Structures are given as structure tokens and as C-alpha cells.
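Worksheet: the structure to be examined is printed underneath.
The values are calculated or read from the model by the stated rules, or taken from the named source; none is laboratory data. These numbers were taken from a predicted model, which means no experiment stands behind them. With ideal geometry, Cβ positions are generated from the backbone for all residues, glycine too; neighbour counts draw on all protein chains shown. We work out accessible area using only protein heavy atoms, side chains counted, and drop any ligands, DNA or RNA first. Shrake-Rupley method; radii C 1.70, N 1.55, O 1.52, S 1.80 Å.
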Amino acid sequence: MRAAAGTAWTFDSSRRARRVPRAELAEALFALAALAIAVAPVLTEQSVDGSSAKRSGSAASSSSAATPAAPEWMLAGYGGVPYTYPSDVVVEKPGVHDLTAKDVSWDGEPFTNPIYYGVRIVRYGAGRLGTMLDFTHSKAIARLDEDAAFSGTLDGAPAPERAKLRDIFRKLEASHGHNMLTLNGLLRLPSFLPRIQPYVGLGAGITLPHSEVQLAGNDQRTYEYQLAGAVGQALFGLEFRTARMSYFVEYKFSFAPYTMPLTEREGVLLPVDLWSQFRNWLSGTAPPGGVLTTTFASHQGIFGLGIRSAPIAAP
């Protein structure tokens, strides 16, 4: 951290006293967009559902109509609650650090700004197969007040066998996003109730976290968006389909091995930060703080709303 009077960023163990104008503005705009996507179908539904209800027949005919006979698109937004397993955190810098913190616990804080949210675009063909582009904004914040076991070296000296994480790390989190962008394949399963459509999916993509890492003995912090590696996810959900609107509940499991270059840089915006990371990689410039690696394996329960391009076909 740059030690200057009147600095725009203030450390607070509650994590809520930070002033981060650019990152907070970007997160707020994205969250508002996701909310707009989620709420817009409610208004559309009012004008469509009445005429659709008049055409609805028996339960059997409603069930058969739940799966479209023609291609359709859906735009959706969602919120949810994640749980991330504890994981080892490794910081490596040749000749300086070779540190491992064992079983670090992570908090998701899904209802604290910036909240947990997601947006997705789904397309189904005439059959049961579909594709989905899915963006999820989660969080992973280390519990710095907890004790952890350490091994290896720190600043060229043996690391303590056990200490509070706060004694080693001033910051250790992806709080403006453990962000995941994935492309998924979807399969609609046979429906067991009228208008209730079960589905499963499998996908992979990239992680784009906003990393915030700072060692306790270092005046500089890494605070920027990064491309941290690949992510895979599997999901199962239930979709309740009305005239042009879908409500869905879903379970997702994601697995994301992270590699964070500790650039000790104050980021700006996602495109600028990624361009800086690419230039450093292209030139072979080693990050001044070394490299941090960990793995985020997460359970996620979500609820969302979507609007479809075509109504359910009349029986």
C-alpha cells in the first residue's frame, strides 16, 4: 500500500471501508444491468400471459408444449449463494518467497456489495440440446483472522509453522469478482410436471478475477483484473416455463485453478488490465511480487428469471 496521507484507499478489517471508485462503479453498473435483465420479463409477462392462459388445455398438453418445436433464445439474470472449499495458497518468488498457507478458508458474502450475480444467454434448437454463454460474479475473501499452518520460506527466512493469516497477508481476496465466463452445453431432460423442465449442463471457460493481494511486509499491493486461468462447471436445474418467461432454480459446481501474477499494480478497468498482463507475458517480464496460486472449488445455488424469444406453442 502506498503510504501517503489522504490516500483514497483505507484498510479496514471489515472490508467495507474501502474506497474503490472505478471498480465499484463497474460492478454497480454490471449488477444494475443484470437486475434489469431479471426484472424486464416480469413486465413483458403481464401482456402475454393472459392470452396464453386462454389457449392452455389439459395438463398433458401443457407439458408437451413446455419443450419448443422451434429454436428459441433466452436472456436471463440470476442471484445466488456460493460455498467455496478451503484451499492451499502458494506464493512463489525465486530467492525470496516459497510460501504455502494450508487450508485457507474463503467467504463468499453474496449479499454484501458487490453482490453475487450472473447473466446468461441460452439457445435451444428444435430438440433437447442447447448452448449457454454464462457469466458469474462470485467472491472469495480469505478469513484473515483465522489461524493457518504455513510451510516454506517468507522473505528468505523460514515461515512460521502457525500464525494468523493477517500476520502474513494484509489482503488476500478476489472481492470485485471471482468472475467466471463459460460456454456450456445443455440437455433438457424428460419433463415430469406440466411446464417444469429439468436440465443438465457442462461447460468450461476462463476466470477473470479482480485480484487484491498484499503481503503484510510489503508496501505495494496487487489490485487489478486478471486472466487467472481456466474454469470448468457442471450444473443441474429446474425451469418453470410460462408464456414468454422462465423462472429457474439451479445447482452449479465450479472448479477453478488460479494463477495470479503479483504485479503490485493499481488496476484501472478490465480491458486495460488484461492488456497490461498480456504485454508483460509477451515481453517475459516477471511480476515483481512473484506468483500466487490456489484453487477455488465452489458449490453454488442460484435463482433466476429469463425472457424467451418465442412463447410456448399453443396446444
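The accessible area of residue 93, taken with all protein chains in place and a 1.4 Å probe, comes to roughly 60 Å². The GluC sites (Glu not before Pro) of the range 119-188 that meet both conditions, a loop assignment by DSSP and at most 14 other Cβ atoms within 10 Å of the site Cβ, are 146, 161.
Using a probe of 1.4 Å, the accessible surface attributed to residue 168 totals some 10 Å² when neighbouring protein chains are kept in position. Legend: residues 85, 199, sorted from most to least accessible area (1.4 Å probe; ligands, DNA and RNA excluded), read 85, 199. Given a 1.4 Å probe and the protein chains as shown, residue 244 ends up with an accessible area of around 70 Å².
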